[in-house]
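Encoded as structure tokens, the structure appears first; notes follow it.
The values are calculated or read from the model by the stated rules, or taken from the named source; none is laboratory data. Keep in mind it's a predicted model, so treat the numbers as computed, not measured. Note that we place each Cβ from the backbone using ideal geometry, even for glycine, and neighbour counts take in every protein chain shown. Note: areas computed on protein heavy atoms with side chains; ligands, DNA, RNA excluded. Shrake-Rupley method; radii C 1.70, N 1.55, O 1.52, S 1.80 Å.
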There are 2 protein chains.
Amino acid sequence: MEARLQELKKRLTEINDLHAAAALLSWDQSTYMPEGGAEARGRQIATLHQLAHEKLTDDRLGRLLDDLKSYEQSLPPDSDDAALIRVARREYERAVKVPASFIAKFSNHTATTYNVWVKAKAADDFSLVRPYLEQTLEYSRELASFFPGYEHIADPLIDYVDEGMTAKKLQALFGELRKRLVPLVQAITEQEPVNDTCVRQHFPERDQLAFGELVIRQLGFDFRRGRQDKSPHPFMTKFSLGDVRITTRVKENDLTEALFSTIHEAGHAMYELGISKKYEGTPLANGTSSGVHESQSRLWENIVGRSRPFWRHFYPRLQKVFPSQLGDVDEETFYRAINKVERSLIRTDADEVTYNLHVILRFDLELAMLEGRLAVRNLPDAWRERYRSDLGIVPATDSMGVMQDVHWYADTIGGAFQCYTLGNILSGQFYAAAKRANPHIEEEIARGEFGTLHQWLKENIYQHGKKYTADELVQRVTGESLSIEPYMDYLTKKYTELYEL
Amino acid sequence: MEARLQELKKRLTEINDLHAAAALLSWDQSTYMPEGGAEARGRQIATLHQLAHEKLTDDRLGRLLDDLKSYEQSLPPDSDDAALIRVARREYERAVKVPASFIAKFSNHTATTYNVWVKAKAADDFSLVRPYLEQTLEYSRELASFFPGYEHIADPLIDYVDEGMTAKKLQALFGELRKRLVPLVQAITEQEPVNDTCVRQHFPERDQLAFGELVIRQLGFDFRRGRQDKSPHPFMTKFSLGDVRITTRVKENDLTEALFSTIHEAGHAMYELGISKKYEGTPLANGTSSGVHESQSRLWENIVGRSRPFWRHFYPRLQKVFPSQLGDVDEETFYRAINKVERSLIRTDADEVTYNLHVILRFDLELAMLEGRLAVRNLPDAWRERYRSDLGIVPATDSMGVMQDVHWYADTIGGAFQCYTLGNILSGQFYAAAKRANPHIEEEIARGEFGTLHQWLKENIYQHGKKYTADELVQRVTGESLSIEPYMDYLTKKYTELYEL
């Protein structure tokens, strides 16, 4: 059995290496590639994914997993090898259920749809992309149909990135969250708007980048095992557990853009960098789910990075970097500026409180489309209606509305949005557990020390990679199941104080 | 047959894409990769090459080539498809002759040997690496033995990179060249040494890089289809015909290091960038041989880049970049400094005239070892003896002698050195042909115009990629077979004038 297990690991490492190579080709495409490389690069990335898919769906891998079934059952369920076989089987079974012909036609379709979306958004004309989106909806249902036995048609799409999650569970969770957020937003936005002009001055790119790197180095991002580059959209990518990179973009007239995206992506990166080296090259060497991944980026970006103790330490340092812009701005004014809550139209620019309303309405619209309750042609109206009811504001154009996010135009409808709000919920729950275990965390943060928090996250979350599912992890780490209470407590306390509600 | 040909192209493109991905992983390793990425990166590159090898040696590819044999014979020999099938068959047949087990053990061996060489060179102790080099010699013979029917045991190793070349042909060519170079070097070094202190001042890195990029942009390197980055050793690499990159390294106390390596690598890059787009993704989309490749780097670096007309145009511009260093240095002094000939020990630092003697002696020593006339234990003595007889100078240490070049310690003994001198010979022959076709080339160069020369090289050499062998190309382009005369004419004329011989 030892030999079979080695053979399994060897095959999985090959698959891992093909994906890692494709990831490097994509990273290069977004950072350094000259324009002339675009055409061949697309083909090369597709070739690598195609070969990885062939290797993952190889019959011999299936037989190996069958052979290892009794061995797996003989192992303690908590053992690394049992987890490896379980995760590998899950990936194999998912992959073999989807016909290669479907993958080919769907990836052609999304490539075309993406290009049409770019043009439709620029022309502010949803009708251009509508037929493509209708086809995407059909393909999304077809993809779900390869996984019969689900309760809700969105479940297989959600389960793919957030294993164990279902539409039903999320609807309950998100419904309750929305019920509490709408009045909170209402209460806040009845107050005098915060003046955030202090972060909207001119901040030279080079200084912004240097300050951001200083911050994340201090949080614990290890530049010997990673780097930061610039790209049109910020992202985190991993080539191995020793090489995890992030990118950012800088707006010289907005100090918050690069800084918080840097902390956000560093949060993702520290999760990957904290995974136990013993999992290198295997499917266990990944964050366990999209939601848990997002919990780490948001914990560092928002709960830590937008907190009073964080800026107690960093604000004087930031003032030194930008003396002419911030020398006369006091810490409280700055703190209020970076935590300004407002009714706005664009999800990615939204504050901590309203952000989840942007996500939940997309999630609800996805479910309605997949269930057949909402036709794509009625989507723009439904979008406006939900913005009106949830955020009290309506987009004047579809570019600012239903066409703002790339997600539906570059992948399935269903499965892509829930992780953002799940991540917020989990960040509150994990952070509360970290504070219970280490009551002095915030005093340390105020001194610029992040080691205790980082170490707690490594020990409890990062090191395990994909060994435990999100549900198992939450139970192990917090002693309870997924709950919105700690996150709502955090938000309510922070913003009640800030806005004197 | 059309369907079979398409199937062949599809398979070849997959192989091409795997190699291109591996090339990007290597480029990244030398330029931006954080140190923590090293371990997995080595494995990932190996995985990609391994998969490419499996695809190249796939029986189905062999059957496809068999099926296409009669089709190939029905085509005009000059057609692209016939060339594609011929080159693909050559690569397939070479690959299937070498057992996978040999490749595995040899690549393990060279990885170890390389690491031992780094230590042995630092310790200046050849005895540390000697047993590994002895094993390399055995492996080199074993590799040759997979290609029975050769006249000289080095032939298969030479033919791998310089198709059609043999030890016998090269010995005749190099022997004659050496006979003429030794007295030329003798005559030059009897003169007063040239004072080159003007290029040994402090030249800030940023200005050096900017000037080098200005130069190659003007030569015709297209930055929309390539870029330059820094790396420990300069190299050219290609990911597609639309993305060809070069690297350089800068010494702030030596103006010639970055500048001429930039022009050299740009010469390699312009060759690849000039290949016809119709060959993209196939094995025809490569330079035809190592020797022809080197002819293009050396033509641009030496014949153009170290010429009087070139500096007639660029020297005033260089003076403007470095006014305090070169403002008072006249063009003639600078021209003599960058063309200084001297007896020296290190091949990569050698001038145009002595360079070939460094190469030819390595080539002769390789043949002697492969033939069994020279034992590895006697190599350091033989090395010193040849430096004494050919260059009139003897290395005091083996680090400066037999251990100076990485080649034998990272690959086979045999096949790696001939291309450098072949490249020089060919650069002279090609340039003479270009001048015959366009007698005003040098007047144009003196005006900073390189379009005529670049266009001639594209039309006659670059566009064809690997369609013609080096021998065929030389015959087509120059109307004669390989000859040292144009190169010797060039050297003799240039240096007779320069040193008033």
- [ ] Starting from the Cα of B:GLU459, step 7 Å toward the Cβ, then list every residue of segment B:269-286 with an amide N under 20 Å from that point.
- [x] B:270-278
TODO: Can you pull the one-decimal nm distance between simple spin-label points at A:ALA3 and B:LYS320, each 7 Å off the Cα toward Cβ?
DONE: 7.3 nm
Task: For B:ASP229, residues with placed amide H under 5 Å, excluding near neighbours - done: B:ILE246, B:THR247, B:THR248
Open item on the list: Give me the percent of accessible area attributable to carbon and sulfur for chain A, probe 1.4 angstrom.
Closed with: 49 percent
TODO: Can you work out the accessible area per residue across chain A, with the rest of the protein chains kept in place, probe 1.4 Å, in square angstrom?
DONE: 40 Å²
TODO: Please give the average number of partner chain Cβ atoms lying within 10 Å of the Cβ of each residue in B:40-49, rounded to a whole number.
DONE: 6
TODO: Sort all Cα-Cα distances of segment A:344-397 into consecutive 5 angstrom bins from zero, then give the percent of pairs in each bin up to the one containing the longest distance.
DONE: 4, 20, 31, 23, 15, 6, 1
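Which semi-axis lengths, in whole Å and largest first, follow from the square roots of five times the eigenvalues of the Cα gyration tensor of chain B?
35, 28, 24
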Task: Rounded, prolate or oblate (a/c below 1.5 giving rounded, otherwise prolate when a/b exceeds b/c) for segment B:142-297 by Cα gyration tensor - done: oblate
TODO: Would you work out the relative contact order for segment A:2-97, in percent, from Cα pairs under 8 angstrom that are 6 or more residues apart?
DONE: 33 percent
Task: Sequence of B:ARG362, B:ARG94 from largest to smallest accessible area, 1.4 Å probe - done: B:ARG94, B:ARG362
- [ ] Hey, can you grab everything whose amide H is under 5 Å from the amide H of A:ASP254? Only 5+ residues off in sequence or another chain; H modelled, so Pro and N-termini drop out.
- [x] A:PHE203
- [ ] Quote to one decimal, in nm, the extra length available between A:VAL96 and A:ARG373 on full extension: 0.36 nm per residue of separation minus the C-alpha distance between them.
- [x] 96.7 nm
TODO: Can you tell me the relative contact order of chain B? Whole percent, Cα pairs under 8 Å, sequence separation 6 or more.
DONE: 20 percent
- [ ] Give me the distance in nm between label points sitting 7 Å out from Cα along the Cα-to-Cβ direction at B:LYS168 and B:GLU500, one decimal.
- [x] 4.8 nm
Task: Euclidean distance between Cα centres, segment B:116-183 to segment B:32-75, Å - done: 26 Å
TODO: Please give the residues of segment A:236-264, grouped as numeric ranges, whose backbone N is less than 13 Å from a label point set 7 Å along the Cα-to-Cβ vector of A:GLN201.
DONE: A:253-255
Open item on the list: Can you list the residues in segment A:240-270 whose accessible area drops by at least 10 Å² when all protein chains are present, compared with the chain alone? Use a 1.4 Å probe, heavy atoms only.
Closed with: A:SER240, A:GLY242, A:ASP243, A:ARG245
Task: Values of log10 I(q)/I(0), in the order q = 0.27, 0.33 Å⁻¹, for segment B:461-501 under a Debye, Cα-only, solvent-free model - done: -0.86, -1.04
Task: Antiparallel content of DSSP bridges confined to chain B, in %, to 5 - done: 50 percent
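Once every DSSP H run of n ≥ 4 in chain B is given -39500 (n - 2.57) and the sum is divided by its residues, what mean residue ellipticity at 222 nm do you get, rounded to the nearest 500 deg cm²/dmol?
-20500 deg cm²/dmol, from helical runs alone.
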TODO: Could you work out how far apart the two model spin labels at B:ALA104 and B:GLN186 are, taking each label as a point 7 Å from the Cα in the direction of the beta carbon, and quote it in nm?
DONE: 5.5 nm
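I'd like the FRET efficiency for A:ARG388 and A:GLN475, computed as 1/(1 + (r/R0)^6) with the beta carbon distance as r and R0 of 51 Å, rounded to 0.05.
Approximately 0.85, to the nearest 0.05.
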Task: Axial C-alpha extent at least 20 Å, average Kyte-Doolittle at least -0.5 - helices from chain B (DSSP) - done: B:100-123, B:126-145, B:167-189, B:205-219, B:255-273, B:352-371, B:418-437
Task: In Å, descending, principal axis extents of the Cα set of segment B:2-97 - done: 54, 24, 22
- [ ] Rounded, prolate or oblate: pick one for the protein assembly as shown, where a ≥ b ≥ c are the square roots of the eigenvalues of its C-alpha gyration tensor, a/c under 1.5 means rounded, and failing that, prolate if a/b is larger than b/c, else oblate.
- [x] prolate
Task: Values of log10 I(q)/I(0), in the order q = 0.12, 0.23 Å⁻¹, for segment B:49-166 under a Debye, Cα-only, solvent-free model - done: -0.60, -1.29
TODO: Let me know the mean shielding of A:14-21 by other chains, meaning the per-residue number of their Cβ atoms within 10 Å of its Cβ.
DONE: 6
- [ ] Sort largest first and round to whole Å: the equivalent ellipsoid semi-axes of segment A:171-241, each the square root of five times a Cα gyration tensor eigenvalue.
- [x] 34, 23, 11
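Rounded to the nearest 100 Å², what's the accessible area chains A and B bury against each other, both chains counted, probe 1.4 Å?
On the way: alone 21570 and 21630 Å², together 40350 Å².
Result for this pair: about 2900 Å² buried.
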Open item on the list: Taking R0 as 60 Å, what FRET efficiency do you get between B:GLU331 and B:TYR114 from their Cβ-Cβ distance, rounded to the nearest 0.05?
Closed with: 0.90
Task: Prolate/oblate/rounded label for segment A:393-488 (Cα gyration tensor, a/c 1.5) - done: prolate
- [ ] Starting from the Cα of A:TYR150, step 7 Å toward the Cβ, then list every residue of segment A:366-399 with an amide N under 18 Å from that point.
- [x] A:366-376
Open item on the list: As an exercise, use a Förster radius of 35 Å and the Cβ-Cβ distance of B:THR397 and A:HIS440 to find the FRET efficiency, rounded to the nearest 0.05.
Closed with: 0.05
- [ ] Find every distance from the label point of A:PRO316 to the corresponding label point in the other copies (7 Å from Cα along Cα→Cβ) and write them in nm, one decimal, shortest first.
- [x] 5.8
